[in-house]
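Read through the structure below, which is laid out as structure tokens, and then see the notes.
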Amino acid sequence: MRPGDIVYVSFGSANTDETDLPDAETVRLDRSPNRHLAFGGGVHHCLGAHLARLQLRVAMEEWHRRIPDYRIPAGTELRYTPGLRSLEELPLVFPPGPEEAGRDNHD
């Protein structure tokens, strides 16, 4: 790079450096240490990080309480959006809940 060059930062590449994070493409909720950049860092660390973590923990606990058995359908190809690293869609298969189990499929 030279002075005056324009530099583009791709946020979608954050947390994917295998030299810093072995098995970066694997979701591991028990990763330790977990030095991800999702909430920035240093003086630019997100003020809402603790609230976001709490909200995610509550949402995931409630999801797993209500729907403990789920899976991604076999053969599903996950496609990521450009820019921020997120999925275009996440199809899940899980058994119907008690309120749907007795319902007629013609409703």
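Please treat every number below as a calculation from the coordinates, not as lab data. Owing to the predicted nature of the structure, the values given are computational and were not obtained by experimental measurement. When we count neighbours, we look across all protein chains shown, and the Cβ atoms used for this are built from the backbone with ideal geometry, even at glycine.
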Item checked: Options His44, Gln55, Val27, ranked by Cα towards positive dipole end of the chain, top entry (Cβ charges) -> His44
Check: Quick one: length gained pulling Leu29 to Ile6 fully straight, 0.36 nm per residue minus the C-alpha distance?
Finding: 4.7 nm
Notebook entry, point to check: How many Å³ per residue does the convex hull of the Cα positions in region 14-55 occupy?
Noted result: 88 Å³
Notebook entry, point to check: Of the residues Leu54, Leu21, Leu29, which exhibits the maximal mean-square fluctuation in a Gaussian network model of the chain defined by a 10 Å Cα contact cut-off?
Noted result: Leu29
Item checked: Helix 49-66 axis, angle to the chain major axis (alpha carbon atoms, nearest 10°) -> 20 degrees
Check: Per residue, how much space in cubic angstrom lies within the convex hull of the C-alpha atoms of the chain?
Finding: 204 Å³
Note to self: Multiplying the sequence separation of Ala38 and Leu56 by 0.36 nm and subtracting their Cα-Cα distance, what value in nm do you get?
What the structure shows: 5.2 nm
